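The values are calculated or read from the model by the stated rules, or taken from the named source; none is laboratory data. Source: prediction; values computed, not measured. Heads up, the Cβs are rebuilt from the backbone with ideal geometry, glycines too, and the neighbour counts pull from every protein chain shown. Side chains are part of the model used for accessible areas, which takes the heavy atoms of the whole protein and leaves out ligands, DNA and RNA. Shrake-Rupley method; radii C 1.70, N 1.55, O 1.52, S 1.80 Å.
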Amino acid sequence: PEATTPRELQAYLSLKQLLSEHGMNASDLNSALNRFRRVYREHPLLNYWPQEVTEAASLTPQRITEIAVLLPLSGRLEETGQTVKEGVMAAYYENLAAKEGKDVPTLRFIDTAALTPEEVVAQVGQARFIIGPLLKENVESLVPLLPSSANILALNRPDMMLNNSEEVIPTAQPAYFALAPEDEANQLAEHIFSRGYRTPIVVTAQSSIYQRMLEAFQARWQQLNDQRGDDQPINLTTITFSDSNSLKEGVTQALDVSQSRERINQIRYMVNEELYNVPRSRQDLDAIIVFASPEQTELLNPMVEASLSPFSNNSVPVYATSRSIEYDSGKNQWRDLQNVRFIDMPWMMPGNKWADLDARATNLWPDRNTQFSRFFAFGVDAYNLLPSMRNLALLPQVSVEGLTGNLSIKNGHDITRTLPQARIDNEKIIASPFSREPGDGDLNRQRLRR
């Protein structure tokens, strides 16, 4: 039913908040729902009660005695698989300590590297709780063969889901948990669009993974523009580069700096006198999005700042994903990424809430690089998510705070990660929402004058 009065609307908002706070615990949820029904006993919502809420309130805790974990533990992806395994084990031992050894499931790891899908299924046997497999091709071939009674947390997604398809693989009860680069591109598109930016430039490296991110960003940007319901044209300038020369050329062309220099040269030729000049960049540009490696982004950011007109009153923020950030490159990286905004896992942010786990992981693996630190966090979250899958699938309003992001389930099967936002300021990472901050324009102009 549609809300027509403030009180009716308040009921919907209260129910959403109630589900968000108590949706992971059926007992607490029942108590909160009983209070809700008393407060809103005359509300029409009670006559159109969501079936999913009733189901969530009736859930009984699952008893998990064994978990089969399917990972590539040998061969080409051995290091990746072993790192995810270490994350699973870290979460297991934390669970073991919290429950003092009671009602903790056993773990059984199955190496998928040299096995056929049928051989993996045979090794899974009677296990009804499964984490994995990790590779996309194994998800597509193996998940349909697993028994319908299995609770599966696959560590990747089929291609059709990456294309925002609503179709679900007809199989067991799978949830798909992935570190897909397309997800970060979609989140950037949504954030930048919601902030009112309409004429961004997207700078993309030529490699396949960054081109995938560009395609995802363009598709989401088109959807967001279509949802506006007007006929305004989509202004999205794209630059694809292969090396530093093509990057510099692309940036100066896209910012109209090269055209400005040509006009200056024409005026100099006509007047035949020395001119004191500063090339101007285009004035309609409102944001720059980067899909590139950390090394490439370090090159790009100074180029952008050097190309922006110092006469503009508006700063042009540069946005990046976690693919552009590496935490083990040294301080020069942070200097070159000054004022860049980016998204990344909570686990990678300084001062995160998992200080004890972070200290133990650093002690055990002091030389672990950025990418494998993210895989470790992925393993931790996979283990911790498994018991919560039913609640999250029934209630998309509910989310859990994981090492890899704020985690929820849409469409009953697709785990989404909302990543925190940060920016680089004076060689430090400052966790903050993306915004047009008042000092940004002044900071850019000060740096340009140096």
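Points worth noting:
- For the criterion of being modelled with pLDDT of 90 or more, surrounded by 14 or more Cβ atoms within 10 Å (Cβ to Cβ) and among the basic types (Lys, Arg), residue 282 fails.
- Residue in the range 394-402 that is aliphatic (A, V, I, L, M) and at pLDDT 95 or above present: no
- Scope the range 136-148; condition more than 18 Å from residue 108 (Cα to Cα) and assigned to a loop (DSSP other than H, G, I, E, B); matching residues: 148
- Residue list for the range 23-41, filter: open to solvent by 50 Å² or more (accessible area, probe 1.4 Å), in a helix (DSSP H, G or I) and closer than 12 Å to residue 53 by Cα: 30
- Residues in the range 349-379 that are more than 21 Å from the chain's Cα centre (by Cα) and open to solvent by 30 Å² or more (accessible area, probe 1.4 Å): 355, 356, 359, 360, 362, 363, 364, 365, 366, 367, 368.
- Total residues in the range 370-418, condition part of a strand (DSSP E or B) and of a type in the set (Gly, Ala, Ser): 3
- Extreme residue, surrounded by the fewest Cβ atoms within 10 Å (Cβ to Cβ), among residues of the range 204-223 that are over 19 Å from residue 254 (Cα atoms) and more than 18 Å from the chain's Cα centre (by Cα): 208
- Meets criteria (hydrophobic (A, V, I, L, M, F, W, C) and either at pLDDT below 75 or open to solvent by less than 50 Å² (accessible area, probe 1.4 Å) (or both)) for residue 308: yes
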